[in-house]
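For reference, the structure discussed in these notes is given below.
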Number of protein chains: 2
Amino acid sequence: MSETGRSTRERILQAAGKLFYGEGIRAVSVDAVAEKAGLTKRTLYYHFRSKDDLIAAYLEIRDQPNLALFKRWFAEAQGDVAAKVEAIFRNLARSARHSKWKGCGFLRTSVELVNLPGHPAMVIGRAHKKRVEDWLCSVFEEAIASREARQLARQIILLMDGAFAVVLLHRDPTYMETAGAAAARLVRGMVSTPRKSIKAAKIGRTIRPRIG
Amino acid sequence: MSETGRSTRERILQAAGKLFYGEGIRAVSVDAVAEKAGLTKRTLYYHFRSKDDLIAAYLEIRDQPNLALFKRWFAEAQGDVAAKVEAIFRNLARSARHSKWKGCGFLRTSVELVNLPGHPAMVIGRAHKKRVEDWLCSVFEEAIASREARQLARQIILLMDGAFAVVLLHRDPTYMETAGAAAARLVRGMVSTPRKSIKAAKIGRTIRPRIG
DNA sequence: TTGTGTATATTCACTGGTCAGTATACATAA
DNA sequence: TTATGTATACTGACCAGTGAATATACACAA
C-alpha cells in the first residue's frame, strides 16, 4: 500500500460516507461515489471488491468514533448517571438540528438491507449497537445488579434508536430531548445508588421544567 | 370503476403490500408487483399513475387497520392504563415472532425515501405516526394534564418505534417486551390517578419479575 | 548511471442486465 | 361507437461489474 494508494482509498471512503449517509446506500450508485471521489469507477473497484464491500467499510469506520463520541459526551456531562445519559440525548438533539443530519447510518443501512441478514454491513451494524449497549450496561453495573443493568441499557438504546427514527420521520429534533427525559427518568428509577439519592433524584426531577 | 376494475386494483395492492413490506420499496420492481398480481405491467399502470402512487396507496390502506389493532389490543387488555399499554407491546412482540415480520412498514418506507420529504408516502407515514400518538395522548388525558399526556404519548411512541428498529436489526423480539416494560414504567410514573395509586404502582413494580 | 522487470495504481470503453414508464393494438361492454 | 380494461413489445436511462491497456514507482543488475 503506497502513500497514494492509502489516500485514494480514504478519498473513496470519504465520498462514499457522505453519499451513503446523505442519500442511502441504494440511492447512490458506484459511479456517483467514484465521481465524488474524483476518480474512475474502475479505480474504485481496484480498492474495493464490490459495492457491498464499500458499504461495509463505510459503516466500519464509523463504529469506533461514534461510540467514542457517546463516551465523551457522557464523561464531560455534569451530574449523576441519569443526567449524564440525558446529556447524550441533548448532544444528539444538537446534531439532529444540522441540515445534513439523516438519523443513524447503521439503522438506516440495516433497513435497506432488511432481507440480507448475513450482509457484512448488517453484521457490523449489529455489532455497533451491541457495543453501545454493552458500554451503557457496564456504566450501570457500577450502581445496580448486572441483570437490571442490562435491561436498563436496552431501554436506553430503545429510546435512542426510536428517537433516531422518529426525529428523521417528523424532522423534529425535540423528540430527541423527549427521549432524553424518558431515559433520565428510567435511569433514576433504577439507579438509586445508596439510599438518600432517591430523594436527590426526586428533587432534581421536580426542578426540571420538562416533564419526565 | 367496474367490478373487475376494483378487484384488479385490489389484487395489485395485495401483491404490492406483500412485496413492498417483505423486501422494501426500492428492492421491488413494478414488474415484480405485476407478476405477483398475475397481470402485466401495463395494466398496473392503468390503475396507478406511477410507482410512487402505488407506494403511497400501499401505506394508505395500512393506516386505519394498524391503528384499529392498537386500539383493540388496548381495549381488550386487563388492568390499569400502564398494563394496557404494555399489552400493546406484548402483542407486537407476538407479531414480531412471525418469520414474515419486517418491522414497521411506515418507518421503513420513510427511511427509503429519506431525501424526499414531500413524497406522498412520507406524508402518509407521518400522519399515521401522528395519529397513533394522538390516540395515546387522548387516552392519557383522561388521567393527567394535557401537556404531560402529550409528552408521555411521545415517549411511548419513541419506545415503540425504537423497538421496531432494534428488533428488526437484531432479530430479537425480546427487545419488544423490554420496551413494553419501559413503557409501563413511564406510564405508571406519570399516571398516578388520584393519590394512593402511587403506592399501588410501587407495589406492582416490586411484584413484577421483570425489571422496569 | 542506465536499463529492465515487477507490482501497484489508474484510465477508457464496454457488457449484460434491470428498471420505470410508454406506444400501440386488441377486446369487451354500455 | 365509445369508454374501459388488458396485453405485447418497446424505449431510454441507469447500474454493478469487467477487459485490456497504460502509467507510475521502485528494485536490482549491467
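Looking at this model, which pairs from A:K84/B:K130; A:K102/A:K129; A:K41/B:K51; A:K71/B:K130; A:K18/B:K130 are more than 23 angstrom apart at the alpha-carbon?
A:K84/B:K130; A:K41/B:K51; A:K71/B:K130; A:K18/B:K130
What number, rounded to the nearest 500 deg cm²/dmol, is the helix-based mean residue ellipticity at 222 nm of chain B, given -39500 (n - 2.57) per DSSP H run of at least four residues and division by all its residues? List each step's numbers first, then the result.
Working: 10 runs with 160 residues, N = 212.
Rounded to the nearest 500, it is -25000 deg cm²/dmol.
Per residue of A:144-154, count partner chain C-beta atoms within 10 Å of its C-beta, then hand back the mean as an integer. Kindly include the intermediate steps, with their values, before the conclusion.
Numbers: counts 1, 1, 0, 1, 2, 1, 2, 6, 4, 1, 12.
Averaged over the peptide's residues, the number is 3.
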Please state the charge dipole magnitude for the protein assembly as shown, taken about the Cα centre, from unit charges on C-beta atoms (+1 on K and R, -1 on D and E), reported in debye and rounded to the nearest 20.
1040 debye
List, shortest first and in nm to one decimal, how far the label point of A:G22 (7 Å from Cα along Cα→Cβ) is from its counterparts in the other copies.
3.6
For the protein assembly as shown, with every protein chain kept in place, what is the accessible area per residue (1.4 Å probe, Å²)?
47 Å²
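Using a probe of 1.4 angstrom, how much of the accessible area of chain B is carbon and sulfur, in percent?
Working: 5310 of 10070 Å².
After summing per-atom areas, the C and S share lands at 53 percent.
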By how many degrees, 0 to 90 and rounded to 10, does the Cα axis of helix B:3-23 deviate from the longest principal axis of chain B?
60 degrees
Enumerate the aspartates and glutamates that B:K36 could reach by cross-link, defined here as Cα to Cα under 16 Å, with residues fewer than 8 away along the same chain left out.
B:E10, B:E23
For chain A, which longest stretch is free of loop sites, where a loop site is one of the trypsin sites (Lys or Arg not before Pro) that DSSP puts outside H, G, I, E and B and that has at most 14 other Cβ atoms within 10 Å?
A:101-170
Kindly report, to the nearest 10 Å², the accessible surface of B:S7 as traced by a 1.4 Å probe over protein heavy atoms only.
50 Å²
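Rounded to the nearest 20 Debye, what is the dipole magnitude of region B:69-161 about its Cα centre when Lys and Arg each give +1 and Asp and Glu each give -1 at the C-beta? Don't skip to the answer; put the middle values down first.
Working: 16 positive and 10 negative charges, 86 e Å.
With Lys and Arg at +1 and Asp and Glu at -1, about 420 debye.
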Using alpha-carbon coordinates, inclination of helix B:146-170 to the longest axis of chain B, degrees:
60 degrees
P(r) of the protein assembly as shown over all Cα-Cα pairs, 10 Å bins starting at 0, rounded to whole percent, reads 4, 20, 29, 24, 14, 6, 1, 0
To the nearest 10 degrees, how steep is helix B:51-76 against the longest Cα principal axis of chain B, on a 0 to 90 scale?
30 degrees
For A:K100, place a label point 7 Å out from Cα along the Cα→Cβ vector, do the same in each other copy, and report the separations in nm, one decimal, smallest first.
4.2
When only the heavy atoms of the protein chains count and the probe is 1.4 Å, how do B:E177, A:E86, B:E76 rank by accessible area, highest first?
B:E76, B:E177, A:E86
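The values are calculated or read from the model by the stated rules, or taken from the named source; none is laboratory data. Bear in mind the structure is a predicted one, so any value in this text is a computation, not a measurement. Don't worry about glycine lacking a Cβ; one is built from the backbone with ideal geometry, like all the others, and counts go over all protein chains shown. Accessible surface areas use protein heavy atoms only, side chains included; no ligands, DNA or RNA. Shrake-Rupley method; radii C 1.70, N 1.55, O 1.52, S 1.80 Å.
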